[in-house]
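My questions will all concern the structure given below.
The values are calculated or read from the model by the stated rules, or taken from the named source; none is laboratory data. The model shown is predicted, which means the values in this text are computed figures rather than measured ones. Because the Cβ atoms are built from the backbone with ideal geometry, glycine has one as well, and the counts that use them run over all protein chains shown.
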Amino acid sequence: MKIISVANQKGGCGKTTSAINLASALGQNGKRVLLVDLDPQAHASLGLNIESQDSMYNVISKLTPRKLKITDIIHRVEDCFDIVPSNILVGTLEQELADEIGRELKLTEIMKPMRELYDYILIDCPPSLGILTVNSIRVSDEIIIPVETSRFSMQGVDHIMDIVKLVRDRLNHAVKCRILITMFDSRLRHSFSMLDTFRQKFKDLLFDTIVHTNVKLKESAVMGQTVSCFDKYCRGSKDYYTLSKEIISLERQEKEQEARTVFRSLSSRMQKMIEKETRQVIRDTKFAIKAPGAKAVYVTGSFNDWSLDDSCRLREASMGQWEIDIPLKAGQYEYQFIVDGVWKEDPSNPAQERNVYGDNNSVMDVKSEAQPVFERL
């Protein structure tokens with residue numbers, strides 16, 4: 001179970017849009033998700049057509065005449081996706097908690113029983129760096145910082161990092177930070193220039209997924225729906241679904257790393273026994289596509305749970321030919337290429353399967369025999 005804060009004190013960066021649609025996309029992957037609207041503006045609640053007189057104020061406040069448990073105010077949004085709504089009273093908690101002992105741990109106490117009920121809890125933080133945001137960071141395992149490609153956003157990231165360091169030093173709680181590029185306009189040269197600047201400054205903190213500018217994201221909020229319900233085939237829906245896959249993949253990699261650490265602690269004899277039992281034939285499989293003038297080409301598919309990272313980034317061989325060899329076990333796999341952010345099936349592979357977005361995935365068979373390495377259907 002993982003708690004993730006979505007935070008940035010700078011407005012207009014897609015914070016609430018990201019919180020809503022990422023929660024929905026994680027739910028589409030079969031994960032049980034709770035979105036906690038901790039923003040007094042209640043944009044996440046309003047963006048899902050949920051208006052309630054009850055909020056986290058009734059759960060945290062000692063002054064409210066209507067004291068409730070967090071389970072009393074949960075609303076169902078979609079299958080596997082619930083929300084705790086907010087309202088204007090949540091803003092009064094900043095003043096109420098100002099002189100209270102242990103004020104930074106209020107949310108931590110409330111969230112304890114929720115850990116067994118959900119796979120992911122997302123918290124839409126207030127657009128400020130006050131007590132509520134500190135509470136959210138203190139209870140979280142990770143922070144997602146949505147930013148648009150501008151100089152002001154870069155400064156906003158620095159401010160959030162300062163608070164994260166403060167929580168680490170004063171409250172002895174380390175939190176992982178990741179930066180999500182949102183509202184990316186691929187038509188503008190300035191966007192790519194700022195993207196390079198972000199990559200140089202923040203390096204490994206950036207998600208591989210980029211959320212592009214898409215009018216459907218705004219239209220879905222007006223209609224009080226997640227973008228996947230409003231138009232699951234639009235660019236915005238695909239971007240957040242890809243982001244959810246990347247987050248799930250990163251969590252799986254963390255668990256595998258933990259498992260490897262435990263594995264290394266086993267005796268040498270035990271290691272050899274396990275390796276002998278689990279050894280499988282793995283063969284290098286070549287993926288290639290012609291993409292002259294492309295800046296970045298990836299391949300992703302069922303072989304890596306549709307995740308995106310440098311391990312599936314193609315290299316330019318010559319004359320616009322991009323290639324990569326990926327070790328795969330024998331079996332059938334669906335895949336697509338991503339050329340400068342655009343998803344494409346393999347033009348040289350006639351074997352295809354329709355996917356849920358109305359596009360086609362290319363299909364290949366990886367054989368267990370030595371020759372050929374793989375055969376396309």
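Suppose we keep only residues that are free of Cβ contacts under 8 Å to residues at least 40 places away in the same chain and closer than 22 Å to Ile144 by Cα within the stretch 221-247. Which one would you say is surrounded by the fewest Cβ atoms within 10 Å (Cβ to Cβ)?
It comes out as Arg235.
Assigned to a helix (DSSP H, G or I), under 22 Å from Thr182 (Cα atoms) and modelled with pLDDT of 85 or more: does that describe Val164?
yes
Looking only at the stretch 61-72, decide whether some residue is assigned by TED's automatic domain parsing to the domain that holds Glu251, surrounded by 19 or more Cβ atoms within 10 Å (Cβ to Cβ), modelled with pLDDT of 90 or more and farther than 20 Å from Leu171 by Cα.
Scanning the stretch 61-72 turns up at least one residue that is assigned by TED's automatic domain parsing to the domain that holds Glu251, surrounded by 19 or more Cβ atoms within 10 Å (Cβ to Cβ), modelled with pLDDT of 90 or more and farther than 20 Å from Leu171 by Cα.
Restricting to helices (runs of 4 or more DSSP H) lying wholly in the stretch 1-102: which have 3 or more residues that are within 24 Å of Thr226 (Cβ to Cβ), touching a residue at least 40 places away in the same chain (Cβ under 8 Å) and out of contact with any His (no Cβ under 6 Å at 6 or more places or on another chain)?
Of the helices (runs of 4 or more DSSP H) lying wholly inside the stretch 1-102, those with at least 3 residues that are within 24 Å of Thr226 (Cβ to Cβ), touching a residue at least 40 places away in the same chain (Cβ under 8 Å) and out of contact with any His (no Cβ under 6 Å at 6 or more places or on another chain) span 15-28, 43-46.
Examine the stretch 113-120 for a residue that is out of contact with any Ser or Thr (no Cβ under 6 Å at 6 or more places or on another chain), assigned to a strand (DSSP E or B) and more than 22 Å from Arg199 (Cα to Cα), and state whether such a residue exists.
yes
May I ask you to list the residues in the stretch 176-220 that are surrounded by fewer than 16 Cβ atoms within 10 Å (Cβ to Cβ) and assigned to a strand (DSSP E or B)?
The answer is Lys176, and nothing else.
Tell me which residues, restricted to the stretch 18-36, are farther than 20 Å from Phe184 by Cα and either among the aliphatic types (A, V, I, L, M) or outside the structural domain of Pro146 (by TED's automatic domain parsing) (or both).
Correct list: Ala23, Leu26, Val33, Leu34, Leu35, Val36.
Just to be sure, is Thr213 of a type in the set (Val, Ile, Thr), out of contact with any Gly (no Cβ under 8 Å at 6 or more places or on another chain) and more than 23 Å from Ile3 (Cα to Cα)?
Considered against the rule, which asks whether it is of a type in the set (Val, Ile, Thr), out of contact with any Gly (no Cβ under 8 Å at 6 or more places or on another chain) and more than 23 Å from Ile3 (Cα to Cα), Thr213 comes out as yes.
Another question, then. Does any residue of the stretch 302-316 turn out to be of a type in the set (A, V, I, L, M, F, W, C), modelled with pLDDT under 90, under 23 Å from Asp365 (Cβ atoms) and touching a helix residue (DSSP H, G or I) at 6+ places or on another chain (Cβ under 6 Å)?
Checked against the condition, which is being of a type in the set (A, V, I, L, M, F, W, C), modelled with pLDDT under 90, under 23 Å from Asp365 (Cβ atoms) and touching a helix residue (DSSP H, G or I) at 6+ places or on another chain (Cβ under 6 Å), the stretch 302-316 yields at least one hit.
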